[in-house]
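I have placed the structure first, in the form of structure tokens, so that the comments after it can refer back to it.
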Amino acid sequence: MTKKGVLKRAEKIISGYKRIFETWFDETLTWKLKNKAWEYERAIAGKFLLVTTSDLDPTKAMEKYKELKDVERAFHELKNMLNLRPVYHSTDKGVRGHVFVCILALLLRRLMEKKAEKLFEEIFEELERLKVNVIDHRGEEIFQRNEISPCQDEIFDLLEVEKPPKILVSPS
């Protein structure tokens, strides 16, 4: 990267801190700390003001506010990971059904995370390793799953879900 490119990039990064630093760009980058602004930022660091019209006691109001990130994450998952959009249904009933199934999936996902004390992605990745092999035994197909790992066993126990049988019944 050229010197000019480096200065331009530095200027872009530092521009977010204009309230704390004075900067000059010519052939070099020159900066000066704004002491009053710095002291103010240090004094309020990690503190914020929460205003509410709710009758909740302050501790409960703070807890509810902090839960907001969980709600925002849930909506993000609904829109992205659970493919809430696009909704290709021609009736309101179809759209409502689609959204209901997505919310149900999100609820199931959250319950699994809570019970297993793991992220859903970790649970899914581990359980996805379970496979079924089709064995031809004298012209008859037998469906046999692979061994359950200790981690998978623990997940089934934590979720209070019955482990799949070693030999599965033929679909015929």
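Scanning the range 14-53 for residues that are acidic (Asp, Glu) and more than 30 Å from Lys3 (Cβ to Cβ), we see that the one that is modelled with the lowest pLDDT is Glu41.
Conditions tested, residue by residue: (1) surrounded by 11 or more Cβ atoms within 10 Å (Cβ to Cβ); (2) at pLDDT 85 or above.
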residue	(1), (2)
Asp55	no, yes
Met62	yes, yes
Asp70	no, no
Asn83	yes, no
Lys118	yes, yes
Phe124	yes, yes
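Only one of the listed residues (Leu49, Leu111, Leu56) is in a helix (DSSP H, G or I) and either of a type in the set (Val, Ile, Thr) or free of Cβ contacts under 8 Å to residues at least 40 places away in the same chain (or both). That residue is Leu111. Here Arg138 meets each of (1) over 16 Å from the mean Cα position of the chain (by Cα); (2) surrounded by 11 or more Cβ atoms within 10 Å (Cβ to Cβ); (3) among the basic types (Lys, Arg) with one exception, condition (2). Every condition in (1) out of contact with any Ser or Thr (no Cβ under 6 Å at 6 or more places or on another chain); (2) within 30 Å of Leu107 (Cβ to Cβ) is met by Leu7 except one, and the failing one is (2). Of all residues in the range 53-81, those satisfying the criterion of being more than 18 Å from Leu119 (Cβ to Cβ) and of a type in the set (S, T, N, Q) are Thr53, Ser54, Thr59. Per the conditions (1) part of a strand (DSSP E or B); (2) out of contact with any strand residue (DSSP E or B) (no Cβ under 8 Å at 6 or more places or on another chain); (3) not acidic (Asp, Glu), the sole criterion not satisfied by Asn133 is (2). The residues listed here are Trp24, Trp38; of these, the one that is assigned to a helix (DSSP H, G or I) and not charged (D, E, K, R) is Trp38.
Listed by first and then second residue, the pairs with beta-carbon distance under 9 Å, at least 6 apart or on different chains, first residue in the range 117-145 and within 16 Å of Lys166 (Cβ to Cβ), second of a type in the set (Ser, Thr, Tyr), are Arg129/Ser149; Leu130/Ser149; Glu141/Ser170; Glu141/Ser172; Ile142/Ser170; Phe143/Ser170.
The values are calculated or read from the model by the stated rules, or taken from the named source; none is laboratory data. On a predicted model such as this, the values are computed, not experimentally measured, just so you know. All Cβ positions, even for glycine, are placed from backbone atoms using ideal geometry, and neighbour counts span all protein chains on display.
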